[in-house]
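The values are calculated or read from the model by the stated rules, or taken from the named source; none is laboratory data. These numbers were taken from a predicted model, which means no experiment stands behind them. FYI the Cβ positions are ideal-geometry reconstructions off the backbone, even for glycines, and counts take in every protein chain you see. Heavy atoms of the whole protein, side chains included, go into the accessibility calculation; ligands, DNA and RNA do not. Shrake-Rupley method; radii C 1.70, N 1.55, O 1.52, S 1.80 Å.
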Amino acid sequence: MSLSKRAALIKPSPTLSLEARAKAMRREGIDVISFSAGEPDFDTPNGVKNAAIKAIEGGFTKYTPSSGTDELRHAVANKLAKEQGLYYKPEEILISCGAKHSLYNIAMTLFEEGDEVIIPSPYWVTYPEQVLLCGARPVIIEAHPSDDFLIRPEAFKDAITPRTKGLILNTPSNPVGSAYDRQQLERIAEIAVTHNIYVISDEIYGEIVYDGFRQASIASIGKDIHKLTIVVNGVSKSYAMTGWRIGYAAGPQEIIKAMGNIQSQSTSNPTSISQKAAIEALTDGYKDFIAMMVERFDKRRHYIVDRLRNIEGISCFMPKGSFYVFPNISGILGRRYNNNLIESSAKFAEYLLNDAKVAAVPGEAFGSPGYMRLSYATSMENIEKGLDRIVTAIKNLK
Ligand code: PMP
Ligand code: GLU
């Protein structure tokens, strides 16, 4: 078998594969508690489901324009204008098969061999892989816990070379839940504008925020940065619609058009039925649903952080958004279980899954060895049980 260099270079998504492994264990009758899922544990709201049923019954089951229906592109434009003060024409918006696909289209459109793309770590697993897929080079800059896991503007500036083409910014972030406020975004925008660097702003967790925090978009800072930003968002997280596969990108028309060309030669349109469901989701009718979800996440967030902070050897940042915690577990590395040295978070995650039947994603996947990601998009009952198991598993280490 002779695979392309490209295919040989790419690793499968570790978050998706761990969740698949936990599900397979459960099918075998093993009682696994999974903290690995990157999706809300709530059901898609009924009104959204009904819109899809209506679409099927009404025969809306054929190809749509490959960049998405005008109706949905308008709905996205209205939402961005109303909620974030971001003004885009429908032609500046592309509907894709999930935000991951939007990001892929951006990477394919902007990045090529010889380009460098700056990615703050801890990063979401997919960013460096997509950059590599385009033959470009991911340049990782570390965000430190002492800076609330936000990159220092100087670190961004220092990483820029004549080859730098873009910065991938994710706020609120997966896996940490860190979030940039407007002032911090202004400083990053200023540097990006000075050096003419595209900012890919992944705002998929923008509505899952706590303590009254409101996530601003870097694209809203000013005219110059607006021209350099491609905003990425979707319905997966805010409306519990991960399986429906609708994401979108908003940015300069020329870039969006080129992304649309790539999409027209690869996937064609996202599912017609899901597009109808997304239009319904983007009406104002689901604000209470989001608020309910955020309230539940918030309770779990406090519980999980408190419990983790009570474990000797673990420290944990209190997330400002998203539904993940990213504890530093380096204090428990170096211990042993039955003569097996737990020398890395990957080893610890293996130990947790095999012995404690708890699935969590090791920090290595996010470019941060010594950490572990736990998603609290699972019931309080599971969180309590899972943490009891983690505490016992750590006690059993020598
Ligand atoms: N960006 C981030 C940071 C994510 O965590 C996810 C979730 N998988 C995505 C993008 C992609 O979401 P989707 O493709 O389901 O819209
Ligand atoms: N983004 C989610 C996560 O980080 C879903 C998994 C994936 O798309 O890789 O777990």
Could you put Cys316, Cys97 in order of accessible surface area, largest first, with the 1.4 Å probe and the full protein assembly present?
Cys97, Cys316
Under 5 Å from the placed amide H of Ile329, counting only residues 5+ away or on other chains, we find Tyr371, Met372
Under 19 Å from the Lys62 label point (7 Å along Cα→beta-carbon), backbone N, region 248-281:
268-277
Could you name the aspartates and glutamates whose alpha carbon sits less than 13 Å from that of Lys223, not counting residues in the same chain fewer than 8 places away?
Glu186, Glu190
So in the chain, what percent of DSSP beta bridges are antiparallel if you round to the nearest 5?
45
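So if each residue of separation counts as 0.36 nm, and I subtract the Cα-Cα distance between Lys227 and Asn340, what length gain in nm does that give? Walk me through the intermediate numbers first.
Numbers: separation 113, 0.36 × 113 = 40.68 nm, distance 5.34 nm.
Between Lys227 and Asn340, full extension yields an extra 35.3 nm.
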Centre separation in Å (Cα based) which lies between region 50-128 and region 274-296:
17
Place a point 7 Å from the Cα of Ser264 along the Cα-to-Cβ direction; which residues of region 59-80 have their backbone N under 12 Å from it?
65-68
Out of all DSSP beta bridges in region 135-234, what portion is antiparallel? Express it as a percent rounded to 5.
10
How far, in nm, would the chain grow between Ser379 and Ala291 when pulled straight, counting 0.36 nm per residue and subtracting the alpha carbon separation?
30.0 nm
Run down the lysines and flag those whose C-alpha is under 21 Å from the C-alpha of Lys320, throwing out any fewer than 8 positions away in its chain.
Lys237, Lys287, Lys299
Mean separation of Cα contacts under 8 Å (at least 6 apart) over the residue count of the chain, i.e. the relative contact order in percent, is 22
Just from its helices, what would the mean residue ellipticity at 222 nm be for the chain, if runs of 4 or more DSSP H residues each count -39500 (n - 2.57) and the sum is divided by every residue, rounded to the nearest 500 deg cm²/dmol?
-12500 deg cm²/dmol
DSSP beta bridges in region 8-167, what fraction antiparallel, as a percent rounded to 5?
10
Extent of the chain along each principal axis, from alpha carbon coordinates, in Å, largest to smallest?
60, 54, 54
Added length on full extension, which subtracts the Cα-Cα distance from 0.36 nm per residue, Gln253 to Glu190
20.5 nm
